[in-house]
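The values are calculated or read from the model by the stated rules, or taken from the named source; none is laboratory data. Computed from a prediction, not measured in an experiment: that's the story for all the values here. Don't worry about glycine lacking a Cβ; one is built from the backbone with ideal geometry, like all the others, and counts go over all protein chains shown. Note: areas computed on protein heavy atoms with side chains; ligands, DNA, RNA excluded. Shrake-Rupley method; radii C 1.70, N 1.55, O 1.52, S 1.80 Å.
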Amino acid sequence: MKRIGVFVCHCGTNIANTVDCANVAEVAKDFPGVVYSCDYKYMCSEPGQVMIQEAIREHNLDGYVVAACSPRMHEPTFRKCAERAGMNPYMVEQVNIREQCSWVHADKTKGTGKSIDITRMGVAKVAQNEPLFSTTIPVTKRALVIGAGIAGIQAAIDIADAGYPVTLLDREHSMGGKMAQVDKTFPTLDCSACILTPKMVEAAQHPNIEIVTYAEVEAVDGFVGNFDVTIRKKARYVDVNKCTGCGLCSEKCPKKVASEFEMNLGTRKAIYVPFPQAVPNKPVIDAKNCRFLLDGKCGVCKKVCPTGAVDYEQKDEVIVERFGSIVVATGFEQFDISKYEEYGAGRIPDVITGLHLERLMNASGPTMGKIKRPSDGKVPEKIVFIKCVGSRDEAKGRPYCSRACCMYVAKHATLIKEKIPTSKSYIFYMDVRTAGKNYEEFYARTQNEYDAQYIRGRVSKIFQVGDKLIVRGEDSLLGRPVEIEADLVVLAAGMDPQQDAKDLARTLGISYDQHGWFTEAHPKLRPVETHTAGIFLAGACQGPKDIPDSVAQASAAAVKAAGLLSKKELTAEAQTAGCNEAYCSGCGLCVAICPYKAIELKRISERVHGGTRERQVSSVNQGLCQGCGACSVACPSSAMNLKGFSNDQILAEVDALCQR
Amino acid sequence: MRYGLYPGCSASGTGIEYGMSTKAVARRLGIELVEIPDWNCCGASSAHNRDHLLSIALPARNLALAEQAGLTDIAIPCAACYQRMKASERAVADAAERRDVAEVIEMDIKGTAKARSLLEVFANDLEPETIQKSVVKPLKGLKVACYYGCLLVKPAELAIDSPENPMMMDRLIANLGATPVDWAYKTECCGGSLAITRAHAAVGMTAQVLKYAKLAGADCIATPCPLCTSNLDMRQKEAEKVLGMELGLPIYYFTELMGAAFGLPAEELGINRHFTEATALIKKPVAPAPAER
């Protein structure tokens with residue numbers, strides 16, 4: 001019989017308030033195999049762990065159960081604690097009496113009873129535990145960064161500076177992401193391009209960074225340290241090795257279409273670079289609009305290209321490469337304002353979004369930096385801003401705050417006043433949230449020195465009368481309706497996840513929330529990690545973020561990624577599946593169900609009645625197995641067992657609960 | 001096509017033209033409207049302010065009667081009636097509410113009868129070609145401001161169309177050959193509930209609706225709501241005083257415009273009964289009045 005210890009944690013008052021911890025410890029003394037049991041205020045603390053280690057030595061324990069918080073939180077802590085006392089770390093079971101008892105039961109009797117039950121189950125399981133030993137796996141010392149906006153660029157540069165090769169991938173033709181579209185940045189008002197494009201160039205020229213634009217991740221196989229990533233490089237119809245970026249092709253191209261980069265306020269050609277400072281500065285042919293690709297006529301770009309770089313025959317190229325770690329930095333999309341029909345969004349041309357205004361203010365934008373309204377090119381005098389459009393609005397399915405809008409509206413109001421000194425800005429707001437460094441000061445200056453009038457209340461309606469936009473809302477501080485005749489209305493549209501964020505999450509095997517933002521492993525303690533080892537998050541793909549936050553998080557993700565790459569080898573999961581070949585009939589169900597492609601069938605020969613016989617059994621690759629347990633469930637003959645969660649262990653728990 | 005009909009009180013009172021034109025147009029389109037036998041008040045203006053059970057039980061009785069008569073889709077011309085009937089239909093989908101209601105009205109409700117707005121029936125159930133085929137006198141050049149009011153589109157869970165920019169009636173009117181104007185007051189309140197208690201406030205709100213229809217260049221307004229129509233039509237003179245501008249906007253039920261386009265005479269549709277002169281815009285009929293079936 002194993003000698004088992006039980007340690008009941010109070011978690012301060014988190015558990016002790018609704019669970020009688022002393023009683024749990026007392027009752028546990030009588031469980032089969034238990035030779036020592038106690039309770040303590042904080043088991044995870046230093047004195048708590050010392051207490052456990054002393055008990056292990058003093059009572060010569062073979063294993064122990066700690067009844068505390070979620071194993072997701074502290075299982076590694078208590079495993080390490082056992083290891084320091086010379087016990088195999090897998091002889092520890094953590095049962096959750098916090099999330100599963102104290103936090104969900106208001107009634108102390110119920111909470112205590114349930115805690116006793118699940119502790120009893122834990123004890124029964126420990127009695128069945130066997131020591132497990134980890135193996136090691138090699139690390140491919142290369143990182144992949146998906147998304148080359150400011151977050152992706154920063155992460156790539158930091159990993160590259162740490163000395164590891166990085167592939168920086170973007171599905172657009174150029175690096176830069178949303179920040180490239182922005183005119184100036186708050187709270188310093190430095191030109192966005194002036195701080196972004198040098199970073200783009202730095203990344204492009206870094207000896208450790210390979211830039212792959214106009215490409216998408218199609219599939220990800222493998223596991224931490226060894227991801228095999230399938231990348232589709234889309235056809236640009238331009239040979240980037242021959243192209244010098246002279247721009248003659250775009251100049252001569254006869255086809256003009258609305259420019260996505262200019263938010264459809266300007267035009268581009270069918271062969272184009274999205275903006276003047278694009279990196280790489282090599283054009284792409286837009287196959288949907290190219291006359292030659294559509295109906296074989298034209299071909300001007302090919303004729304004028306001095307280096308013969310235009311290649312209408314180019315095809316997509318699919319490559320598979322191995323990376324040790326992946327940083328996801330795919331960013332956000334601006335909320336689609338047409339959901340606000342009351343604002344005439346999409347119907348009234350002079351109701352625009354923040355990103356439209358950025359382009360109108362930008363010196364290299366469609367109006368050369370002159371703010372003109374889209375309908376008739378007039379310079380607006382009265383400008384109304386509406387905040388929280390697509391943010392903090394349950395009715396539109398966006399309950400979250402977009403974090404950047406308060407500040408970018410203040411920035412817009414400041415810049416408009418500088419460009420049009422006679423203008424007047426009105427800003428409808430619900431709250432003003434300026435939590436960053438120097439943000440509040442910036443906001444105060446917008447009000448005091450730039451004469452922006454803040455009106456607290458929601459706008460209910462915008463409509464056009466003549467060439468004026470009537471903006472009707474409420475001033476909730478005055479308790480009165482207000483109506484403003486404006487020349488231009490700017491909606492501070494919030495942030496949405498990328499439309500296909502969920503697809504990418506599934507490809508990568510990471511999780512996302514109900515809106516499509518990627519979720520971190522722990523909101524406070526593991527903010528840049530995902531639940532999938534080796535995959536990290538940077539920037540607004542995880543939730544709305546401004547530039548400083550995105551950059552900070554990108555550096556954090558880079559450290560995590562580089563830290564992983566710096567290891568000679570990784571410790572593989574010890575709780576992997578194993579096959580009992582004596583039971584295995586070789587049916588192959590586990591092969592089909594394994595999400596990590598970790599199981600294959602092999603042939604073994606065995607001696608039967610004096611002769612030998614060949615048969616087929618399954619075999620688990622310990623490096624690939626992630627310990628999910630799907631195979632154990634699928635196996636019809638119970639040959640597959642997940643170490644640490646074997647059928648016998650689970651049944652022991654069930655028996656313990658049923659036989660009380 | 002066969003529909004149940006819940007005419008509501010207005011069809012024979014303040015909105016008699018609505019009742020007349022509804023029947024005339026349905027007849028012309030070959031739609032059979034079967035009046036719910038022994039129908040009662042829907043409780044629109046006051047019941048929901050007094051008592052929740054009363055407010056859902058009154059319409060529920062009508063729905064139960066319709067069920068017993070084997071009617072599934074109940075066409076409801078009045079916007080207020082529609083909203084109360086729809087609210088009741090939704091409420092009794094809940095088993096507990098249904099039990100309470102069944103006890104009060106002493107009838108079972110299975111939920112087979114669905115409340116439908118007459119506008120929705122004409123605009124969505126009929127193919128545009130069906131309407132166009134019946135048009136003998138297209139309303140060419142007539143600029144119409146389609147005014148939905150609040151009851152058909154709010155609250156959003158009972159709405160027949162977008163609460164902010166509904167287009168259903170605009171499409172229907174366009175099929176009659178008229179030109180719907182784009183305007184901002186489609187769903188703004190006309191002040192109906194204050195019409196008697198605080199008349200000056202109501203007139204102020206009505207005046208805004210009329211003003212923006214006029215500014216949008218409309219020749220007339222089309223509505224699916226008897227209460228809105230009373231306000232916009234009857235109080236137009238007062239509104240002119242408030243606004244200091246001439247209006248002279250005929251207020252038609254959308255069914256009247258359908259009838260006019262179908263070539264039915266103004267008297268058959270009730271167009272001669274309006275407060276604000278409305279016959280001039282509708283030129284001579286080309287078809288004789290359809291015979292009562």
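Listing for the model above:
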{"item": "Residue match in segment A:350-368 (condition: free of Cβ contacts under 8 Å to residues at least 40 places away in the same chain, on the phi > 0 side of the Ramachandran plot and away from chain B (no Cβ under 14 Å))", "result": "yes"}
{"item": "Unmet requirement for residue A:338, which otherwise passes all of (1) modelled with pLDDT of 95 or more; (2) open to solvent by 40 Å² or more (accessible area, probe 1.4 Å); (3) within 14 Å of chain B (Cβ to nearest Cβ)", "result": "(1)"}
{"item": "Flag for residue A:328 being under 26 Å from residue A:177 (Cβ atoms), outside the structural domain of residue A:254 (by the TED database), in contact with a strand residue (DSSP E or B) (Cβ under 6 Å, 6 or more places away or on another chain) and open to solvent by 40 Å² or more (accessible area, probe 1.4 Å)", "result": "no"}
{"item": "Tabulated pairs, segment A:581-605, first within 20 Å of residue A:623 (Cβ to Cβ) and in a loop (DSSP other than H, G, I, E, B), second polar (S, T, N, Q) and open to solvent by less than 80 Å² (accessible area, probe 1.4 Å), C-beta under 6 angstrom, 6+ apart or interchain", "result": "A:596/A:626; A:598/A:621"}
{"item": "Any hit, segment A:162-183, residues being farther than 18 Å from residue A:263 by Cβ, part of a loop (DSSP other than H, G, I, E, B) and within 16 Å of the chain's Cα centre (by Cα)", "result": "yes"}
{"item": "Subset of segment B:200-245 that is in contact with a helix residue (DSSP H, G or I) (Cβ under 6 Å, 6 or more places away or on another chain) and not in a helix (DSSP H, G or I) - its residue that is farthest from the other protein chains (Cβ to nearest Cβ)", "result": "B:235"}
{"item": "Positions within segment A:509-554 being among the basic types (Lys, Arg) and touching an Asp or Glu at 6+ places or on another chain (Cβ under 7 Å), in sequence order", "result": "A:526"}
{"item": "Count of segment B:185-204 residues which are surrounded by fewer than 22 Cβ atoms within 10 Å (Cβ to Cβ), under 28 Å from residue A:345 (Cβ atoms) and either modelled with pLDDT of 95 or more or among the hydrophobic types (A, V, I, L, M, F, W, C) (or both)", "result": "1"}
{"item": "Check on residue A:330, in contact with a helix residue (DSSP H, G or I) (Cβ under 6 Å, 6 or more places away or on another chain) and more than 14 Å from every other protein chain (Cβ to nearest Cβ)", "result": "yes"}
{"item": "Residue in segment A:449-459 that is within 14 Å of chain B (Cβ to nearest Cβ) and in contact (Cβ under 8 Å) with a residue 12 or more places away in the chain present", "result": "yes"}
{"item": "Helices (runs of 4 or more DSSP H) contained entirely in segment A:1-117, each with at least 3 residues that are under 17 Å from residue A:129 (Cα atoms)", "result": "A:71-84"}
{"item": "Conditions (1) open to solvent by 70 Å² or more (accessible area, probe 1.4 Å); (2) under 24 Å from residue A:534 (Cβ atoms); (3) β-branched (Val, Ile, Thr): number failed by residue A:599", "result": "(1)"}
{"item": "Of the criteria (1) crowded, with 16+ Cβ neighbours inside 10 Å; (2) under 30 Å from residue B:272 (Cα atoms), which one residue B:48 fails", "result": "(2)"}
{"item": "Odd one out for residue A:379, checked against (1) aliphatic (A, V, I, L, M); (2) buried (at least 23 other Cβ atoms within 10 Å of the Cβ); (3) not in a strand (DSSP E or B)", "result": "(2)"}
{"item": "Subset of segment A:474-485 [away from chain B (no Cβ under 14 Å) and either open to solvent by 70 Å² or more (accessible area, probe 1.4 Å) or assigned to a strand (DSSP E or B) (or both)]", "result": "A:474, A:475, A:477, A:478, A:480, A:482, A:484"}
{"item": "Test: residue A:444 is modelled with pLDDT of 95 or more, under 28 Å from the mean Cα position of the chain (by Cα) and within 27 Å of residue A:543 (Cα to Cα)", "result": "no"}
{"item": "Where residue A:526 falls short, out of the listed (1) at pLDDT below 95; (2) farther than 16 Å from residue A:146 by Cβ; (3) buried (at least 17 other Cβ atoms within 10 Å of the Cβ)", "result": "(3)"}
{"item": "Contacts under 7 angstrom Cβ, first residue in segment A:495-516 being among the basic types (Lys, Arg), partner open to solvent by 50 Å² or more (accessible area, probe 1.4 Å), 6 or more apart", "result": "A:502/A:512"}
{"item": "Tabulated pairs, segment A:387-398, first away from chain B (no Cβ under 14 Å), second open to solvent by less than 20 Å² (accessible area, probe 1.4 Å) and among the aromatic types (Phe, Trp, Tyr), C-beta under 7 angstrom, 6+ apart or interchain", "result": "A:387/A:428; A:390/A:335; A:398/A:335"}
{"item": "Any hit, segment A:644-653, residues being open to solvent by 70 Å² or more (accessible area, probe 1.4 Å) and in a loop (DSSP other than H, G, I, E, B)", "result": "no"}
{"item": "Members of segment A:118-144 found to be of a type outside the set (Gly, Ala, Ser), touching a helix residue (DSSP H, G or I) at 6+ places or on another chain (Cβ under 6 Å) and part of a helix (DSSP H, G or I), listed by number", "result": "A:119, A:120, A:121, A:125, A:128"}
{"item": "Exclusive hit being modelled with pLDDT under 95, away from every other protein chain (no Cβ under 14 Å) and outside any helix (DSSP H, G or I), set B:182, B:108", "result": "B:108"}
{"item": "Hits in segment A:82-129 - residues which are touching a Leu at 6+ places or on another chain (Cβ under 6 Å) and within 20 Å of residue A:60 (Cα to Cα)", "result": "A:90"}
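Conditions (1) at pLDDT 95 or above; (2) buried (at least 23 other Cβ atoms within 10 Å of the Cβ); (3) of a type in the set (Gly, Ala, Ser); (4) not assigned by the TED database to the domain that holds residue B:8, marked per residue:
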| residue | (1), (2), (3), (4) |
| --- | --- |
| B:209 | yes, yes, no, yes |
| B:217 | no, no, yes, yes |
| B:223 | yes, yes, no, yes |
| B:227 | no, yes, no, yes |
| B:231 | no, yes, no, yes |
| B:234 | no, no, no, yes |
| B:242 | no, no, no, yes |
| B:245 | no, no, no, yes |
| B:248 | no, no, yes, yes |
